[in-house]
Amino acid sequence: MFGFTSLSSLRSCVAHDWTPTIGDPEITGWLTVIIYLVCMWLAIRVLRRDPPGAALGLWATIAALMGFLALNKQLDLQTAFTATGRCMARVQGWYDERWLVQLGFIAALTLLVLIGLMAALRSLRGQLRWNGIALLGVTVLCGFVLVRAVGFHHVDRLISMDFANIKFNFLFENAGLALIALNAGLLLRRGIPPRRPPQITPSRP
């Protein structure tokens, strides 16, 4: 299988670089997971309440994306994917040329993100006013994922720097989540029916 004699031998190779443990045990990591889950809950509330102007397709995508990224935040699945590719490269004999595969993967991932964003912009015609902040938040998150996937040395060093003991990658990632939560809150508030003024019944003489 992919150059290995069995699935267990591939799993043993991957286990040298990745094991299913908590990927970011720091408080900022767990806080980000909680914010992902809050955003997923807000997206589900938007879907259930269906306020005027809400693009339900976008919010269904956001709900699924938030759930996956919350899970990935601590399982660190991209490291498992990278370790699998490294093992296959060694066994199949293209380890020295692996940068070509990495470049192709990065190009395909970037193209996929751009196509997805263009499709979202096209489908949101007439609804961008009420969903644009969330789309901007998703764009910021996609940029964060791309930066982490590409792993350029200088960019990685930049987002790993900190300000007041808070790393820039935490601020970068949570900026997108804050935009999504803000847009969900605005839509949910818009869906609340206005309060009717109390009716005053005339007193009988």
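Given the condition in contact with a helix residue (DSSP H, G or I) (Cβ under 6 Å, 6 or more places away or on another chain), of a type in the set (Val, Ile, Thr) and crowded, with 16+ Cβ neighbours inside 10 Å, answer yes or no: does some residue in region 69-82 qualify? No, region 69-82 contains no residue that is in contact with a helix residue (DSSP H, G or I) (Cβ under 6 Å, 6 or more places away or on another chain), of a type in the set (Val, Ile, Thr) and crowded, with 16+ Cβ neighbours inside 10 Å. The condition (being open to solvent by 50 Å² or more (accessible area, probe 1.4 Å), closer than 28 Å to residue 101 by Cβ and at pLDDT below 70) is satisfied by just one residue among 145, 155: 155. Of the residues making up region 114-142, those that are more than 22 Å from residue 32 (Cα to Cα), of a type in the set (A, V, I, L, M, F, W, C) and open to solvent by less than 80 Å² (accessible area, probe 1.4 Å) are 117, 119, 120, 124, 128, 130. Number of residues in region 158-196 that are modelled with pLDDT under 65 and on the phi < 0 side of the Ramachandran plot: the value is 11.
The values are calculated or read from the model by the stated rules, or taken from the named source; none is laboratory data. Values in this document were obtained by computation on a predicted structure and should not be read as measured data. Please note: Cβ atoms are built from the backbone with ideal geometry, for glycine as well, and neighbour counts cover all protein chains shown. Surface accessibility is based on the protein's heavy atoms, side chains included, excluding ligands, DNA and RNA. Shrake-Rupley method; radii C 1.70, N 1.55, O 1.52, S 1.80 Å.
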